[in-house]
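J.: One structure is given below, represented as structure tokens, and several questions about it will come after.
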Amino acid sequence: MSEEAWKFSQCFGDKGDIETITEADIISTVEFNGNGDYLATGDKGGRVVLFERNGSKRNCEYKFYTEFQSHDAEFDYLKSLEIEEKINKIKWLNTSGNSLSLLSTNDKTIKLWKVAEKQIKVVAENNLSEHGAPAALSAVQQQAKQQALRMSALKLPQLTVHDKIINAQPKKIYSNAHAYHINSISVNSDGETFVSSDDLRINLWNLGISDQSFNIVDIKPANMEELTEVITCAEFHPQSCNLFMYSLSKGTIKLADMRENSLCDSHAKIYEEYTDPTNHNFFTEITLSILDVKFSHDGKYIVSRDYMTVKIWDVAMEREPVKVINIHEQLRDRLCDTYENDAIFDKFEVQFGGDNDSIMTGSYNNNFMIYPNAVSGTAASSAAPEDDVIVLQADKSAFKTKKVGYTKARPGVKNRLSMNANGTLGMMKKDMDFETIDFKKSILHASWHPHENSVAIAATNNLYIFSTL
């Protein structure tokens with residue numbers, strides 16, 4: 001990634017205090033489309049909001065496009081279970097023409113939406129447009145009307161465009177296939193199929209068939225008391241339509257090939273870092289769980305995020321990760337506190353940049369980190385990769401000035417230098433005081449533009465755009 005300065009570009013959403021935020025307005029997923037011209041967010045209220053790239057601006061700037069209610073709260077009377085309307089994931093489909101297509105899912109139901117501009121036309125001119133109601137006409141007016149209605153005076157109605165609306169329609173609804181909560185969906189590179197995963201199963205769908213899916217991974221044991229791990233995420237390979245990977249709560253990533261068997265319980269490759277059993281404790285069972293996993297755009301690397309670290313894997317090398325980046329090292333001695341306030345269960349996402357080299361992930365205090373050249377940079381055995389980091393803050397201070405830069409930490413310097421959004425240099429110390437961390441301000445969801453250095457960050461109910469443009 002080039003040495004350009006990242007700067008704040010835009011913010012959408014209510015700028016009020018975090019204590020006054022409505023739960024339904026909290027953003028739960030963010031996703032750029034395939035060419036970066038559109039950006040989608042989903043929230044806990046079941047709404048999907050789309051933003052369109054402002055083509056008249058040279059820098060990275062978006063404008064509101066449309067909003068629609070994707071999911072509503074439901075109640076499963078059979079299981080006495082309330083199904084939240086919260087949007088868990090949004091995935092765009094590649095489409096031709098002027099319409100947009102995307103998949104959105106809550107805990108149980110996936111919907112395929114078609115979004116298109118629709119012209120509303122009205123009759124601008126007809127034979128009766130110049131005359132009043134028959135009851136109100138005098139004898140002279142009625143005679144004039146009869147004269148006007150002769151064949152030679154008849155006019156064809158004229159239609160004119162009255163308005164343009166953006167219409168969102170659910171084209172398919174994929175339901176009743178998951179007994180457990182859906183945690184991820186991923187669209188295949190063939191453009192025809194997608195997978196959805198819950199805690200114990202992964203299903204393969206055809207986009208055109210909503211009433212049938214194929215179970216391709218099932219880790220549910222015959223006796224549920226023997227259950228030791230669950231599926232946390234699944235994603236298709238960006239180029240090979242037969243390959244997909246899924247991550248597990250014990251810290252392993254499995255790569256599966258759909259050509260080998262109809263049920264892909266036997267993996268083709270497994271990526272797992274050895275951990276010393278003597279270091280295992282109650283909290284490592286939680287912190288080892290993989291929260292998010294992504295392929296690089298060229299399909300050569302995998303990045304995974306757990307609570308404490310980001311790991312980068314070479315797809316061709318299962319033995320060990322290419323690089324391990326410590327994220328929350330300062331919390332290692334305070335995991336008991338994070339367990340008590342439930343912060344240890346926060347699900348941070350991780351993203352590859354369009355250069356297949358840079359990594360982005362979030363943390364607390366509304367901080368998010370960009371690791372330039374994370375793949376090609378220094379080897380894991382040399383200078384710690386977390387010393388080469390850009391730390392930015394998606395906070396209200398971003399409105400004060402757009403002059404945001406960054407300072408890269410020098411190798412060997414244990415303090416991570418960061419430039420806050422108000423232009424002041426800040427420190428993120430390894431031994432940061434636990435009391436200064438605001439666990440309510442966590443950057444869980446983010447998306448990186450596929451072709452440029454622009455990122456969209458969800459900070460509670462606000463959407464921030466940062467860019468080098």
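The values are calculated or read from the model by the stated rules, or taken from the named source; none is laboratory data. From a predicted model like this one, the values you see are computed outputs, not experimental measurements. Positions of Cβ are backbone-derived with ideal geometry, glycine not excepted, and every protein chain shown enters the neighbour counts. Just the protein is used for accessible areas: all its heavy atoms, side chains included, with ligands, DNA and RNA removed. Shrake-Rupley method; radii C 1.70, N 1.55, O 1.52, S 1.80 Å.
J.: If we sort 164-175, 73-84, 20-31, 248-259 on the protection proxy, mean other Cβ atoms within 10 Å, highest first, what's the order?
T.: Ranked by mean Cβ neighbours within 10 Å, highest first: 248-259, 20-31, 164-175, 73-84.
J.: Based on the Cβ-Cβ distance of residue 171 and residue 214, what FRET efficiency does E = 1/(1 + (r/R0)^6) give at R0 = 25 Å, to the nearest 0.05?
T.: Efficiency at R0 = 25 Å is approximately 0.75.
J.: When the Kirkwood radius is taken over all Cα pairs of segment 35-126, what Stokes-Einstein diffusion coefficient follows at 4 °C and 1.567 mPa s, in µm²/s?
T.: The diffusion coefficient I find is 85 µm²/s.
J.: What order do 246, 339 take when sorted by accessible area (1.4 Å probe), most exposed first?
T.: 339, 246
J.: Report, as a whole number in µm² per second, the diffusion coefficient that Stokes-Einstein gives for segment 43-86 at 10 °C and 1.306 mPa s using the Kirkwood radius over alpha carbon pairs.
T.: Taking Rh from Cα pairs, D becomes 124 µm²/s.
J.: Test of understanding: what is the full-extension gain from residue 275 to residue 206, defined as 0.36 nm times their sequence separation minus their Cα-Cα distance?
T.: Extending this stretch completely gives an extra 20.9 nm.
J.: Sort 306, 337 by heavy-atom solvent-accessible area, probe 1.4 angstrom, most to least.
T.: The most accessible residue leads, giving 337, 306.
J.: Measure off 7 Å from each Cα along the Cα-to-Cβ vector at residue 180 and residue 320, then give the distance between these two points in nanometres to one decimal.
T.: For the pair residue 180/residue 320, the computed spacing is 3.2 nm.
J.: Hey, another quick one. With a Cα-only, solvent-free Debye model of segment 239-392, what are the log10 I(q)/I(0) values at q = 0.17, 0.21 Å⁻¹?
T.: The computed values of log10 I(q)/I(0) come out as -1.03, -1.45.
J.: Same structure again: Along the Cα→Cβ direction, 7 angstrom out, place labels at residue 339 and residue 440. What is the inter-label distance in nm?
T.: 2.5
J.: Follow-up. Top to bottom by accessible area (1.4 Å), largest first, where do 467, 266, 210 land?
T.: Most to least solvent-accessible, the answer reads 266, 210, 467.
J.: Once fully extended, how much extra length lies between residue 356 and residue 52, figured as 0.36 nm per residue of separation less the alpha-carbon to alpha-carbon distance?
T.: 107.0 nm
J.: Considering only protein heavy atoms and a 1.4 Å probe, what is the carbon-and-sulfur percentage of the accessible area of segment 179-259?
T.: Ligands and nucleic acids excluded, carbon and sulfur reach 46 percent.
J.: Right, next: Once you wrap a convex hull around the alpha carbon atoms of segment 193-306, what is its projected area averaged over all directions, in nm²?
T.: Quarter of the Cα hull surface area: 8.3 nm².
J.: Just order 58-71, 436-449 by mean Cβ neighbour count inside 10 Å, highest at the front, would you?
T.: Sorting 58-71, 436-449 by mean packing, highest first, produces 436-449, 58-71.
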